[in-house]
Amino acid sequence: MKFLSLVCCMLMVMLSMGSAAAEESSLYVKKIENLPEDFIFGMDASCVIALEESGVKYYNFDGEEEDVFKILADNGVNYIRVRIWNDPYDKDGNGYGGGNCDIDKAVLIGQRATKYGMKLLVNFHYSDFWADPGKQMVPKAWQGMEIEEKTEAVYQYTKECLQKLKDAGVDVGMVQVGNETNQYLCGEKIWFNIQYLMQAGARATREVFPEALVALHFANPEKVGSYDTYAKKMDYYQVDYDVFASSYYPYWHGTLENLTESLSRIATTYGKKVMVMETSYAYTGEDTDFNGNTIGDGGAITKSYPFSVQGQANNLWDITNALVNDTVNGIGVVYWEGTWISVGQNSWEENHEKWEKYGSGWASSYAAGYDPNDAGKYYGGNAVDNQALFGPDGKALESLKVFRLMREGNEIEAVADALEDATIICDLNAPLNLPETVNAVMTDNTKKAIPVQWDFTPEQDEKMHKGGVAQYVIEGQAGGMTAKCYVSMVEYNYLQDYSFEESSALWQITDLKNADELYIEDKKTDSLTGDKHMHFWSAAQNSVEFTLEQKAQNLPGGKYKFTVSIMGGDAGQTDIYAYVKVNGEIVTRAPMGITSYGNWDTAVTEAFTCSGEDEVVVGVYVKCQGAGNGAWGKIDDALLNSVQ
Ligand code: CA
């Protein structure tokens, strides 16, 4: 919906401008300066064959069905990445899913990439299924092998696969030895062994494709110092590679600044090329294939951009610009599985059948034998369909144009792309003033306050003020989109540090006559709420007498009441009361008493009025005399609320 309204909006802007750019793109894209001709714009398209077998078709911007690889090439993609699993099938030949990506599929994909002038980036997982930082399972055929034998197996296997690609005429530009190999590879868990496998893969690559780059791929740049550790290990073991590559998903992987600094340090220290090997971003929070998504609305993630086609473009722009202009030896960015879309719009049952039969979901039930704890439990469809650069109907999304537009620029007028939610806290006894503007995230990723029209009636207003402490969501219209304001109706407390949790200096002992102990105590069991309270005590022969006060800060003129609670015991004769002083004169007081442990007594003063200029002080006076065992007490939760 957001996208549709954006498009309408854009069309209107363009028509009014009478611009020739109308046929160009509704994406706002600034030209990236210093972008090299040969900068790698990659697309991981590993699932394409399985998707096509499932009936998926792809359409270009004219709405014509076309080879997806041609569509990609026409839009500035110059590298296709493909993962290779050794044997992603069970003993009966049923595929594990995730595209059933073996060497045969890689050959098919490679040939089509080559046909349209793109290079192939070969991604060896050295596993029969998904490999990532937490999972690097050894292929079935290599189970039980000692490291020497496994090293030879990696070498032979890599060589065979690459030779097949070469024989098929595939233009291989880069070979990745392992996928997200943070600490494991192919079942090995120590660097001493892992480096042998990496060396073997690199050696095979040099022999078959001497011109191709050898890449190592890691993830989690946000873990401080981890990349330095990996690069140092590789250097120590003299592993032969050209490119140090990183995954970078903005939801999880820290700041771009941290990424570029980490990569630059490795580029400078070890003379390597660096790149982002995987990234993606959501164009919608909605799921499109009846299988829930990793990223969606309501998830506990940090959004860097709106979930929109422009958000996808802005993520790619920021990463590309960072690699080109802020990183030493940055050579490229690969979008992960931008072609992995839903296999059908009808039902889960229909899609499930295709996922099982063609391997077009992330995992089929057949993977259970190999990967019982993950695929075996959670097998299913596509969890990233909302991050593709094609819609569920197979039609290219506007965001696909960003690769080309980053070279050319498309600096059209920025328009509102998404709205930030507004939040307000409203005193039950004060008028509710909804904001007149909301923040729009513009297509150029700046923010701008735009006018909003709330759908809000006086009846609703009255209901909310009479409804006690509660939360509401009010909707409105701004920039052609639905705005939301989250309203909390509260009994607003005009005191600071009302429960002594911050041990604030605003609380003052203004008149201490007697007390052996008097301090803010950190003891949850003795507090009314929170962890802390004001504690007092005197030994049996001594009496207690003090005043505790807080001066109200920035209190608007109005009518208020003061509430405070106390508990204690062993006090003998007492004179304890809560009070309010206006300009130094006590205007109201409310008596309190202490009886025994756990019996909190809450005092509420009469209402009093003050002007905005008056000095208002609230306080508690405590006097305990002739105590039997030594008077003690706890004061907590002071409230200054407005009244009508
Ligand atoms: Ca999904």
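For the range 112-120, the count of residues that are open to solvent by 50 Å² or more (accessible area, probe 1.4 Å), among the small types (G, A, S) and in a helix (DSSP H, G or I) is zero.
Has the range 420-431 got any residue that is within 16 Å of the ligand (Cβ to nearest atom), among the small types (G, A, S), more than 30 Å from L35 (Cα to Cα) and surrounded by 16 or more Cβ atoms within 10 Å (Cβ to Cβ)? Looking through the range 420-431, none of the residues is within 16 Å of the ligand (Cβ to nearest atom), among the small types (G, A, S), more than 30 Å from L35 (Cα to Cα) and surrounded by 16 or more Cβ atoms within 10 Å (Cβ to Cβ). In the range 145-168 there is at least one residue that is outside any helix (DSSP H, G or I) and closer than 25 Å to D374 by Cα. Does at least one position in the range 593-611 carry a residue that is within 23 Å of L512 (Cα to Cα) and buried (at least 21 other Cβ atoms within 10 Å of the Cβ)? Checked against the condition, which is being within 23 Å of L512 (Cα to Cα) and buried (at least 21 other Cβ atoms within 10 Å of the Cβ), the range 593-611 yields at least one hit.
Among the residues of the range 614-626, those identified as within 50 Å of the chain's Cα centre (by Cα) and either of a type in the set (V, I, T) or modelled with pLDDT under 95 (or both) are V616, V617, V618, V620. Would you check if there is a residue in the range 627-634 being at pLDDT 95 or above, in a strand (DSSP E or B) and in contact with a helix residue (DSSP H, G or I) (Cβ under 7 Å, 6 or more places away or on another chain)? There is at least one residue in the range 627-634 that is at pLDDT 95 or above, in a strand (DSSP E or B) and in contact with a helix residue (DSSP H, G or I) (Cβ under 7 Å, 6 or more places away or on another chain).
Note on the range 371-383: among residues that are touching a residue at least 12 places away in the same chain (Cβ under 8 Å) and more than 7 Å from the ligand (Cβ to nearest atom), the one that is surrounded by the fewest Cβ atoms within 10 Å (Cβ to Cβ) is Y378.
When the range 178-211 is filtered for residues that are part of a loop (DSSP other than H, G, I, E, B) and open to solvent by 30 Å² or more (accessible area, probe 1.4 Å), the ones remaining, listed by number, are Q183, Y184, G187, K189, I190, P210, E211.
Annotation note: Cβ proximity below 6 Å between a residue of the range 279-297 that is closer than 23 Å to S364 by Cα and touching a residue at least 12 places away in the same chain (Cβ under 8 Å) and a residue that is within 11 Å of the ligand (Cβ to nearest atom) and not in a loop (DSSP other than H, G, I, E, B) (sequence gap 6+ or interchain) occurs for T288/D385; D289/N351; D289/D385; F290/W348; F290/N351; N291/G380; N293/N386. Tell me, please, whether a residue that is within 15 Å of the ligand (Cβ to nearest atom), crowded, with 17+ Cβ neighbours inside 10 Å, part of a loop (DSSP other than H, G, I, E, B) and β-branched (V, I, T) can be found in the range 384-396. Yes, the range 384-396 has at least one match. Got at least one residue in the range 212-227 being part of a loop (DSSP other than H, G, I, E, B), more than 23 Å from T269 (Cβ to Cβ) and at pLDDT 95 or above? Yes: one or more hits.
If the condition is being over 15 Å from A590 (Cα atoms) and part of a strand (DSSP E or B), then the range 550-566 contributes Q550, K551, G558, K559. Does G296 meet the test of being surrounded by fewer than 23 Cβ atoms within 10 Å (Cβ to Cβ), within 16 Å of the ligand (Cβ to nearest atom) and under 14 Å from the mean Cα position of the chain (by Cα)? When the stated conditions are applied, G296 passes them. Please go through the range 230-256 and pick out each residue that is outside any helix (DSSP H, G or I) and within 25 Å of the chain's Cα centre (by Cα). F244, A245, S246, S247, Y248, Y249, P250, Y251, W252, H253, G254, T255 - these are the residues of the range 230-256 that are outside any helix (DSSP H, G or I) and within 25 Å of the chain's Cα centre (by Cα).
If the condition is being of a type in the set (K, R) and buried (at least 16 other Cβ atoms within 10 Å of the Cβ), then the range 518-542 contributes only K532.
The condition of being within 16 Å of the ligand (Cβ to nearest atom) and modelled with pLDDT of 95 or more holds for only one of A245, A282, that being A282.
Residue pairs whose Cβ atoms lie under 6 Å apart, separated by 6 or more positions or on different chains, with the first residue in the range 145-165 and without any contact (Cβ under 8 Å) to a residue 60 or more places away in the chain and more than 16 Å from Q199 (Cα to Cα) and the second of a type in the set (F, W, Y) and in a helix (DSSP H, G or I), do not occur.
If you check E337, E350 for being more than 15 Å from D287 (Cα to Cα), touching a Cys at 6+ places or on another chain (Cβ under 7 Å) and not β-branched (V, I, T), only one passes: E337.
Is it true that C485 is modelled with pLDDT under 95 and surrounded by 14 or more Cβ atoms within 10 Å (Cβ to Cβ)? It is false that C485 is modelled with pLDDT under 95 and surrounded by 14 or more Cβ atoms within 10 Å (Cβ to Cβ). None of D287, D318 is more than 19 Å from G254 (Cβ to Cβ) and either more than 16 Å from the ligand (Cβ to nearest atom) or part of a loop (DSSP other than H, G, I, E, B) (or both) except D287.
Among residues of the range 25-40 that are touching a residue at least 12 places away in the same chain (Cβ under 8 Å), those with a beta-carbon under 7 Å from a residue that is hydroxyl-bearing (S, T, Y) and assigned to a loop (DSSP other than H, G, I, E, B) at least six positions away or on a different chain give the pairs Y28/T443.
Applying the set (1) assigned to a loop (DSSP other than H, G, I, E, B); (2) more than 30 Å from G95 (Cβ to Cβ); (3) not aromatic (F, W, Y) to I331 leaves exactly one unmet item: (1). Within the range 397-429, the set of residues being of a type in the set (D, E, K, R) and in a loop (DSSP other than H, G, I, E, B) comprises E411, E413, E420, D421.
Among the residues that make up the range 463-478, is at least one of them in a loop (DSSP other than H, G, I, E, B) and buried (at least 18 other Cβ atoms within 10 Å of the Cβ)? Looking through the range 463-478, none of the residues is in a loop (DSSP other than H, G, I, E, B) and buried (at least 18 other Cβ atoms within 10 Å of the Cβ).
Of the candidates D62, D128, D92, the single residue that is modelled with pLDDT of 95 or more, closer than 26 Å to Y196 by Cβ and part of a loop (DSSP other than H, G, I, E, B) is D128. Scanning the range 543-572 for residues that are at pLDDT 95 or above and β-branched (V, I, T), we see that the one that is surrounded by the most Cβ atoms within 10 Å (Cβ to Cβ) is V564. Out of all the residues in the range 514-527, is one or more out of contact with any Cys (no Cβ under 8 Å at 6 or more places or on another chain), farther than 13 Å from K634 by Cβ and of a type outside the set (G, A, S)? Checking the range 514-527: at least one residue is out of contact with any Cys (no Cβ under 8 Å at 6 or more places or on another chain), farther than 13 Å from K634 by Cβ and of a type outside the set (G, A, S).
Output the residue which, of all residues in the range 340-369 that are part of a helix (DSSP H, G or I) and within 13 Å of the ligand (Cβ to nearest atom), is most open to solvent (accessible area, probe 1.4 Å). If we take residues in the range 340-369 being part of a helix (DSSP H, G or I) and within 13 Å of the ligand (Cβ to nearest atom), then W348 is most open to solvent (accessible area, probe 1.4 Å).
No other residue among N382, N373, N386 is polar (S, T, N, Q) and under 17 Å from N100 (Cα atoms) apart from N382. The residue of the range 502-517 that is nearest to the chain's Cα centre (by Cα), among those that are in a loop (DSSP other than H, G, I, E, B) and surrounded by fewer than 16 Cβ atoms within 10 Å (Cβ to Cβ), is E502. Comparison of V77, V82 shows that the only residue that is touching a Cys at 6+ places or on another chain (Cβ under 9 Å), surrounded by 15 or more Cβ atoms within 10 Å (Cβ to Cβ) and of a type in the set (A, V, I, L, M, F, W, C) is V82.
The values are calculated or read from the model by the stated rules, or taken from the named source; none is laboratory data. All figures in this text were calculated on a predicted structure; none of them were measured in a lab. A quick note on method: Cβ atoms are made from the backbone with ideal geometry, for glycine too, and the neighbour counts reach across all protein chains shown. When the accessible area is computed, the model is the full protein with side chains, heavy atoms only, and any ligands, DNA or RNA have been set aside. Shrake-Rupley method; radii C 1.70, N 1.55, O 1.52, S 1.80 Å.
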